[in-house]
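Inspection log for the structure reproduced underneath, given as structure tokens.
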Amino acid sequence: MHHDVIVIGGSYAGMAATLQLVRARRSVLVIDAGERRNRFASHSHGFLGQDGVPPGEIAANARRQLEAYPTLSWLEGRAEAVTGQVDEFTVTTSDGLSHQGRRILVATGVADQLPAVEGLAERWGKAVFHCPYCHGYELGQGRIGVVATGPMSVHQAELLTDWGDVTLLVNGAVELSQEARSTLERRAVTIEEAPIGRIEGTADVVTADGRLLRFAGLFTATRTSPSSSLAEAIGCVLEETPMGVQVRTDSENKTSVTGIFACGDVARAPHSVSLAVGSGAMAGAQVHRSLLWPETIAPVQTEGGSR
């Protein structure tokens, strides 16, 4: 079957885009590897109408709604390669099968590079978070620790002061200028210089010198990169942002490859479920417009591309 659009990635952004397309009666194939970025979190917050709902439940309900549309096809698997050109793309999946489509929408999301701190990865999404708007309220204005990863951690520590008493755990990851120290002091942020030995309990930090610092929760500014190398392999230009690497897109969600679009965390920062859904909804509409008016499909300019 030759699809109008093949959406690679069936999480929030990919499904939001798909909804716009199937409601326009376009044939859409979604290829999903089943690795939602927030799969480690027990509840999703900050998403209007779904506040406090488990993320897996949100995703499952969204898929059920999409499956009511007859032009949807859903494949559980991994896209391994994309070849061809606009109107004649071929996507090869991990089962060795090939699928044809006129447009490609990359919604693969990103992977988080976590600080190498003992006990942190096991608590990711449970007591260690990246977004205060998603998880700050539930900490009840308790003590919050920020595990530094770089300059963005200073901004994160400042931001979090509306959610509790904040300690910036420098952990040798950032060199604080006098200006940064003064800014943190004005926001009543405690600066802890001692390296982190490990994290234990719910969110308790044991410093290298043996002290126990108890927190209601921890935050860290992860560095992100596309969760799949597929977009880069296709030829899409990537770009550096303060949060990591993402696919370069323009205001119409077009990448540097004609006929290939991208949306969600893989193409936009900052990241949250709400923002991913909004990005996906816009991308779906833009992909549909490109099918109606193919003369508008010129790709994003690549001058100054970082990759």
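Where in the stretch 178-229 are there strands (runs of 3 or more DSSP E), lying wholly inside it, with at least 3 residues that are touching a residue at least 60 places away in the same chain (Cβ under 8 Å)?
196-200, 217-220, 223-226
What number of residues in the stretch 16-47 are within 19 Å of G284 (Cβ to Cβ) and either in contact with a helix residue (DSSP H, G or I) (Cβ under 7 Å, 6 or more places away or on another chain) or surrounded by 15 or more Cβ atoms within 10 Å (Cβ to Cβ) (or both)?
Total meeting the criteria: 17.
When you scan the stretch 248-261, do you find a residue that is of a type in the set (S, T, N, Q), free of Cβ contacts under 8 Å to residues at least 12 places away in the same chain and closer than 26 Å to C134 by Cβ, even just one?
Yes: one or more hits.
Which condition number does T190 fail, the rest of (1) closer than 25 Å to E118 by Cα; (2) in the same structural domain as V82 (by TED's automatic domain parsing) being met?
Only one criterion is unmet by T190, namely (2).
Filter the stretch 143-163 down to the residues that are out of contact with any strand residue (DSSP E or B) (no Cβ under 9 Å at 6 or more places or on another chain) and surrounded by 21 or more Cβ atoms within 10 Å (Cβ to Cβ) and list them by number.
none
Could you look through the stretch 255-267, keep only residues that are out of contact with any strand residue (DSSP E or B) (no Cβ under 6 Å at 6 or more places or on another chain) and either among the polar types (S, T, N, Q) or over 15 Å from F89 (Cα atoms) (or both), and pick out the one that is surrounded by the fewest Cβ atoms within 10 Å (Cβ to Cβ)?
T258
The values are calculated or read from the model by the stated rules, or taken from the named source; none is laboratory data. Worth saying up front: this structure is predicted, and the values here are computed from it rather than measured. No Cβ is skipped: glycine too gets one built from the backbone with ideal geometry, and neighbour counts run over all protein chains shown.
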